[in-house]
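Right, one structure below, let's go through it.
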């Protein structure tokens, strides 16, 4: 039979962000003990005293101090270039049988343009285009007849090159988004590939967001 301390280790190691909050000293031991008590008792198949769980939590906090945070910190140090682009617009249309033809027209128009930012994100019901605002006057003609769901201008993007191991490390996106959220920075869109992702923000938030991400890197 396992001990209470071992049960605490098993349960908390399945909840990495509780561990992070515990390591940041923003969780109350008593409240956390009550929260995980049903899991502890289910694992041990017996009733457990809150005080015994609290003692185990204190030992766990000491032995695992900053383990997750250190992993994420090290990964952030390995991110590549941080590229900022401005003068962007965002269009979201309802998916339709004709939207692909509109996209082809758009690609033909921007094919010869240099330094033109363009990305697309297609969902089940909607499709979003984020692009440089140089051709925004052409959009009504290109997408004539399509249902425009939303439009935003005065946007900028931050593109972050991630290390390859980002795909096997839980919590990296959360780690970045949490830092931005804590500084009151709103993210309009997130566009990602395997090893990079772009954040679309209002122009007014771009300098602050860049500063937050840069501090995490260095």
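Label positions at residue 34 and residue 49, each projected 7 Å from the Cα along the C-beta direction, are separated by 1.9 nm. The Cα atoms of region 4-65 define a convex hull whose projected area, averaged across directions, is 3.5 nm².
Estimated purely from DSSP H runs of n ≥ 4, each contributing -39500 (n - 2.57), the mean residue ellipticity at 222 nm for the chain is -14000 deg cm²/dmol once divided by its residues.
Placing a pseudo-label 7 Å from each Cα along the Cα-to-Cβ vector at residue 86 and residue 70 gives an inter-label distance of 4.1 nm.
Could you calculate the contour length gain from residue 100 to residue 208, that is, 0.36 nm times the residue separation minus the distance between their Cα atoms, to one decimal place in nm?
35.2 nm
Applying 1/(1 + (r/R0)^6) with R0 = 45 Å to the Cβ-Cβ distance of residue 187 and residue 112 gives a FRET efficiency near 0.90. Distance between the pseudo-spin-label points of residue 15 and residue 42 (7 Å out from Cα toward the beta carbon): 1.1 nm. With bins 10 Å wide beginning at 0, the percent of Cα pairs of the chain falling in each bin runs 7, 25, 23, 19, 13, 9, 3, 0. Relative to the longest principal axis of the Cα atoms of the chain, the long axis of helix 99-110 lies at roughly 70 degrees.
Extents of region 77-203, taken as max minus min of Cα coordinates on every principal axis and listed largest first, are 45, 31, 29 Å.
Calculate, for residue 135 and residue 78, the FRET efficiency according to 1/(1 + (r/R0)^6) with r their C-beta to C-beta distance and R0 35 Å; round to the nearest 0.05. If you can, show how the numbers build up before the last one.
Working: r = 36 Å, r/R0 = 1.04.
Taking R0 as 35 Å, the efficiency between residue 135 and residue 78 is 0.45.
Seen against the Cα atoms of the chain and their longest principal axis, helix 50-63 is set at about 60 degrees. So what's the angle, to the nearest 10 degrees on a 0 to 90 scale, between helix 172-182 and the longest Cα principal axis of the chain? With rounding to tens, the tilt is 80 degrees. Across region 166-213, Cα-Cα pairs farther apart than 16 Å form 37% of the total. Centre-to-centre separation between the Cα atoms of region 97-126 and those of region 149-177: 21 Å.
Within region 1-115, the proportion of Cα pairs with more than 25 Å between them is 52 percent.
Since every read-out is calculated from the coordinates, none of them should be taken as a lab result. All values derive from a computational prediction rather than experimental measurement. Every residue, glycine among them, receives a Cβ derived from its backbone with ideal geometry; neighbour counts consider all protein chains shown.
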